[in-house]
Amino acid sequence: MVASAPPTETHTALIRPPDEPPTTYVPRPTPEAIGSLRRDRPDPKAAAATATLAIISGWATAVIATSLIANWWKTDELFCIAVGFLTAVSAAATIGGLIALLLRRRIGRLLVGVGSIVALMIFAGLFVAGAALPTIVYAIPVLPVATVVLAALPATGRWCR
């Protein structure tokens, strides 16, 4: 068996030798200006307006589609199935877009826009089919158009970055 050499006394960087005085100077961290942090955050007003208008637009589209399907089911089932499918696609895109928009994801703007455009396709189908609709229904397509415009604003884009 090989005999090991006796340990020599060496100092490591972790243990301070007894003859050195303790460190007394600890530098203080430099503070940062709080105002500079606030300027970097985008304004959420455009995104909030987009989300609010998308919810109202989706609700109005669903109400009109449900009413149409309930009233026309006995006369034109295929048209009602098409409107129901488009309503489901519009709702899925709008809801997914709202969640993504509020989570500040870029895809949210696109999905809200797709949901609104599909809602416009539903209204176009109603008008082309010549459905007898209340007068207020002719003003409802303004909501999806306004939603697309708000989603396309640069302020909404800054919110989603």
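Taken as a whole, the condition of being of a type in the set (Val, Ile, Thr), open to solvent by 80 Å² or more (accessible area, probe 1.4 Å), modelled with pLDDT of 90 or more and within 32 Å of the chain's Cα centre (by Cα) does not apply to THR87.
Would the range 68-81 turn up any residue that is among the small types (Gly, Ala, Ser), open to solvent by less than 50 Å² (accessible area, probe 1.4 Å) and part of a helix (DSSP H, G or I)? Within the range 68-81, none of the residues are among the small types (Gly, Ala, Ser), open to solvent by less than 50 Å² (accessible area, probe 1.4 Å) and part of a helix (DSSP H, G or I).
When each of VAL137, VAL128, VAL145 is tested for being at pLDDT below 95 and either at positive phi or open to solvent by 60 Å² or more (accessible area, probe 1.4 Å) (or both), the lone residue that passes is VAL128. Here the condition is being open to solvent by 100 Å² or more (accessible area, probe 1.4 Å) and modelled with pLDDT of 75 or more; of THR61, THR30, THR23, it holds for THR30 alone.
Against the definition (farther than 21 Å from GLY130 by Cβ and among the small types (Gly, Ala, Ser)), how does ALA70 come out, yes or no? Taking the combined requirement at face value, the residue does not satisfy it. The single condition among (1) of a type outside the set (Lys, Arg); (2) exposed (fewer than 14 other Cβ atoms within 10 Å of the Cβ); (3) touching a helix residue (DSSP H, G or I) at 6+ places or on another chain (Cβ under 7 Å) that ILE99 does not meet is (3). The residue pairs whose first member lies in the range 131-149 and is closer than 18 Å to LEU68 by Cα, whose second member is surrounded by 16 or more Cβ atoms within 10 Å (Cβ to Cβ) and not small (Gly, Ala, Ser), and whose beta carbons are closer than 7 Å, counting only pairs six or more residues apart or on different chains, are ALA131/LEU68; LEU133/LEU126; VAL137/ILE64; ILE140/ILE64; ILE140/PHE123; PRO141/LEU120; PRO141/PHE123. On inspection, ILE117 qualifies as closer than 15 Å to ILE55 by Cα and part of a helix (DSSP H, G or I). Taken over the range 46-87, the criterion of being of a type in the set (Phe, Trp, Tyr) and more than 30 Å from LEU102 (Cα to Cα) is satisfied by TRP72, TRP73, PHE79. Annotation note: Cβ proximity below 8 Å between a residue of the range 95-111 that is closer than 21 Å to ARG41 by Cβ and outside any helix (DSSP H, G or I) and a residue that is of a type in the set (D, E, K, R) and open to solvent by 70 Å² or more (accessible area, probe 1.4 Å) (sequence gap 6+ or interchain) occurs for ARG104/ARG161; ARG106/ARG161.
The values are calculated or read from the model by the stated rules, or taken from the named source; none is laboratory data. As the structure is a prediction and not an experimental result, all values here were calculated from the model. Positions of Cβ are generated from backbone atoms using ideal geometry, with glycine treated the same way; all protein chains shown enter the neighbour counts. What goes into the accessible areas is simple: the full protein's heavy atoms, side chains included, and nothing from ligands, DNA or RNA. Shrake-Rupley method; radii C 1.70, N 1.55, O 1.52, S 1.80 Å.
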